[in-house]
Every structure is written in structure tokens, then in C-alpha cells.
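The values are calculated or read from the model by the stated rules, or taken from the named source; none is laboratory data. Every value quoted in this text rests on a predicted model; they were computed, and no experiment measured them. Neighbour counts are summed over all protein chains in view; Cβ atoms, including those assigned to glycine, are modelled from backbone coordinates with ideal geometry.
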């Protein structure tokens with residue numbers, strides 16, 4: 001059975017994602033631990049066989065090491081007989097002069113591995129990217145991470161971990177939206193570009209397209225006045241970042257779909273004890289986590305079913321965001 005195999009390397013991970021030709025997901029294989037993770041138990045053998053074939057093909061595609069200097073014979077060069085000696089010695093048969101080409105240095109080119117045209121992002125789990133970053137930080141310094149947790153010291157590991165928690169809580173609100181109106185669709189943890197940026201949540205529904213940036217600040221006091229966003233009195237660039245994220249998503253989706261796509265940025269505070277919005281930012285919405293489901297459902301229809309379908313099909317493709 002033919003399979004499409006995609007290699008994914010990010011956040012210190014190295015995996016193969018295996019799917020059938022009809023795009024049925026078979027599972028993924030961890031190349032670092034050499035362990036398989038089938039979508040269903042019945043796919044375990046199929047997953048292993050597909051990976052072994054991929055590994056065999058990858059090895060066979062490697063260029064062979066030359067055993068020595070290989071000198072190919074020229075085939076289009078005229079052979080010239082040697083001149084007769086000046087002495088009166090008996091004439092001998094002239095020896096053939098073999099003209100050779102210089103050895104050709106082969107370029108050191110890494111063979112291309114089989115790749116799927118794109119990865120399907122629709123199956124991404126909320127907080128997945130942040131959770132992997134937290135795990136990588138913990139594995140890099142396990143003792144320091146443990147001590148920091150006990151001492152309640154803020155570290156990169158903690159920031160990624162509570163960020164993942166916040167994204168999961170916001171995604172739970174999206175489940176409430178789906179129960180009320182199943183036309184809405186959501187994609188989480190979208191990697192954008194090549195510098196590690198990602199969109200926490202992309203929302204596509206009859207009411208429009210939104211990028212949602214989750215900000216988890218336990219027991220903090222938040223204050224918003226236009227483009228100014230304060231967390232316990234400290235200024236943060238959240239409004240500027242949300243605006244840039246929405247504009248970038250609009251540009252990429254417009255290019256992928258072929259029609260203008262308007263995207264609005266949303267900041268979703270999580271676990272704050274107080275959120276004061278003195279003046280709402282221009283073209284960016286600040287919506288606390290517990291209010292986001294009702295906020296989305298209040299939007300009137302601005303997109304047709306066909307537009308939503310085309311937008312979601314473009315958004316789920318990893319190539320759209322590269």
C-alpha cells in the first residue's frame with residue numbers, strides 16, 4: 001500500500017508522519033527513540049513497515065563513496081601513433097596513447113527525502129507548541145527546573161508551561177461555541193515562518209476570521225488604554241503584536257485563497273483577577289477567556305459557506321504559513 005511520509009524536525013524532535021494515499025493518517029514515528037505511535041492499534045504493523053521502507057530508501061539514496069580515483073576513458077578523442085625512433089632498430093608496433101579526462105569532483109549534495117506537499121494543521125492540539133517548548137526546557141535543565149518550581153522563580157520553562165495551560169483553557173471555550181453553532185472552525189498552534197513564531201488559535205466562522213493570542217497571567221491586574229497594555233503596572237507589547245499577527249495572517253490567507261481576507265486580532269487574558277479596559281485598542285479586541293464564546297457568537301454572518309470552506313482549506317495547509 002503506497003504511503004506519503006513527511007519528516008518533521010522542530011523543538012529538538014525528529015519524527016515521521018505517515019498517511020495513506022487517500023490522506024488517512026496511519027500515525028507517526030519518533031526517529032530519536034525509534035518508537036511508533038499509530039493512530040489506531042490496528043495500524044501498528046502498517047506504520048512500522050512504512051517507516052522501514054522509508055529508512056531503506058533513504059539509505060539507498062545516499063551517494064556511494066568512491067573506492068579511489070576513478071579515471072574514465074575518453075571516447076571521442078583521436079588516438080595518435082607514436083613517432084618511429086631515429087635509430088635503425090627494427091620498427092615496432094606503436095603504442096596507443098590513451099587520453100584521459102581529469103577526475104570530476106562530485107558535489108556534496110544531501111539527497112532529498114520524500115516529503116508530503118504539506119502538513120495538515122487541523123489536527124494540532126491547543127498549547128501543543130508551547131508544551132513542547134516547556135518540555136525541551138525542562139529536559140535541558142531538569143534540576144534547575146525543579147528548584148525554580150519550588151522557589152516559585154519565573155523561568156522560560158514556566159512561561160511556556162503556563163502559556164500552554166492558557167491556550168488549553170481558551171480552546172475549551174471554543175468547544176462551547178461549536179455546541180451552539182457548529183459552523184465555526186478552529187486551528188491551534190499554527191507555526192508561521194521559519195523563526196519559531198506561531199499563532200495560538202485561528203478562528204474561522206460565519207462571523208469572520210480572527211487570530212487569538214492567549215495571555216495567561218495568574219492573579220494579575222491588567223489595564224488597557226488604547227495601545228497601552230499593562231500587567232501589574234508593567235507595559236507589554238501585546239496590542240502591537242496582536243495587530244501584526246492579524247495583518248500577517250490576512251496577507252498569507254489572501255495569497256493562498258486569491259481573494260481579500262480580513263483578519264482581526266484578539267487578546268484573550270486568562271486567570272487575571274482584574275481586567276480594566278479604559279479605551280479599547282483600534283482594530284484589536286481584548287476579550288477575557290470566559291467571555292470569548294459569547295463574544296464570537298454575537299457576530300453577525302459576514303462569510304458565506306463557500307468562503308469559509310475555502311479559507312479553512314487554505315489555513316489547514318502548512319505551506320500557507322511558510
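Annotation note: Cβ proximity below 6 Å between a residue of region 112-127 that is outside the structural domain of residue 7 (by TED's automatic domain parsing) and surrounded by 13 or more Cβ atoms within 10 Å (Cβ to Cβ) and a residue that is assigned to a loop (DSSP other than H, G, I, E, B) and modelled with pLDDT of 90 or more (sequence gap 6+ or interchain) occurs for 120/316; 121/316; 122/316. Considering the conditions (1) more than 27 Å from residue 241 (Cβ to Cβ); (2) in a loop (DSSP other than H, G, I, E, B); (3) more than 19 Å from the chain's Cα centre (by Cα); (4) at pLDDT below 75, residue 153 is excluded by exactly one of them, (1). Could you grab me the full set of residues in region 26-42 that are surrounded by fewer than 16 Cβ atoms within 10 Å (Cβ to Cβ) and assigned to a strand (DSSP E or B)? Listed by number, the residues that qualify are 30, 35, 37. Among the residues of region 11-54, those identified as touching a residue at least 60 places away in the same chain (Cβ under 8 Å) and in contact with a helix residue (DSSP H, G or I) (Cβ under 8 Å, 6 or more places away or on another chain) are 11, 12, 13, 25.
Out of the helices (runs of 4 or more DSSP H) lying entirely within region 222-322, which hold 2 or more residues that are in the same structural domain as residue 198 (by TED's automatic domain parsing) and under 30 Å from residue 8 (Cα atoms)?
Qualifying helices (runs of 4 or more DSSP H): 238-257, 305-315.
Reported count of residues in region 30-87, each being farther than 30 Å from residue 7 by Cα and at pLDDT 85 or above, is 0.
Given the options 322, 317, 290, name the one that is touching a residue at least 60 places away in the same chain (Cβ under 8 Å), surrounded by fewer than 20 Cβ atoms within 10 Å (Cβ to Cβ), under 30 Å from residue 159 (Cβ atoms) and more than 26 Å from the chain's Cα centre (by Cα). Outline the logic, then answer.
Details: 322 fails: more than 26 Å from the chain's Cα centre (by Cα); 317 fails: more than 26 Å from the chain's Cα centre (by Cα).
Testing whether each residue is touching a residue at least 60 places away in the same chain (Cβ under 8 Å), surrounded by fewer than 20 Cβ atoms within 10 Å (Cβ to Cβ), under 30 Å from residue 159 (Cβ atoms) and more than 26 Å from the chain's Cα centre (by Cα) leaves just 290.
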